[in-house]
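Trainee: To start, I am sharing the structure in question, which I have written as structure tokens.
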Amino acid sequence: TATNFVNAAWVATANDRYFKVNNGSGGATAVTVPPLRFENKWYVAAGVEILRYNTSTSKFDQVASMAQVVTSLASFNGNIYAAQGDVTQIQMSATGDSGSWSGVSGTAHYATHLRAYNGYLYTLKAFGGEGAIDYTNGTDWNSGSLGAGPQLITVATPDVALTGIVGLQNEIFILASTGIYTLSSSFVYQVIDYSNEQYQDNGKNALTWMS
């Protein structure tokens, strides 16, 4: 059981844990995706492997091996999702167990980044040309029957590196090497410009937290 500092007092919890993951230790590849909790179990990704924390052995065990390097994990609508970049279908599982993973329904649902927020799973295609965002309610996609037609929402220009996506105060923000963008209906516009401090890793692993 871990302890967390809440409202000026230390309290015990059976679910939240602090992990220090030693890159490369116990696995063939360094950890590339930080811990995600799904159904009270913790998952990380290391290269093409998806690993689940085993409370009995205090180690991460492999539960899946993907076709491409896993770039993002998300928990949404009773499933765990794994992105594999911009040319490989997003995979999903209802249990996270070995042998239970399969591609999401539909065609060409590719992504580098995933984010579950406010009843939708958002997917961000960040490499291989213009960045693009899509989202689903778990059944329909905005680029399909949920939206106006089979199209993705373009984000920035091909020369801009998109590094992440977060949700905050009912808005979706896309992090980039040159600034921050937000999604409004079927449009994306820039809200912060730091092109003078452009760096390829700006916004990488961004998180939000509200008390």
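Trainee: On a C-alpha basis, how far is the centre of region 44-118 from the centre of region 178-199 in Å? Whole number, if you could?
Mentor: One Cα centre to the other: 28 Å.
Trainee: Solvent-accessible area per residue for region 45-203 at a 1.4 Å probe radius, Å²?
Mentor: 47
Trainee: What does the accessible area of Arg115 come to, in Å² to the nearest 10, when a probe of 1.4 Å is used?
Mentor: Arg115 exposes around 70 Å² with every protein chain in place.
Trainee: Now for a separate question. So for Glu49, Glu39, what's the accessible-area order with a 1.4 Å probe, most first?
Mentor: These residues rank, largest area first, as Glu39, Glu49.
The values are calculated or read from the model by the stated rules, or taken from the named source; none is laboratory data. Computed from a prediction, not measured in an experiment: that's the story for all the values here. Keep in mind that these areas ignore ligands, DNA and RNA; they rest on the heavy atoms of the full protein, side chains included. Shrake-Rupley method; radii C 1.70, N 1.55, O 1.52, S 1.80 Å.
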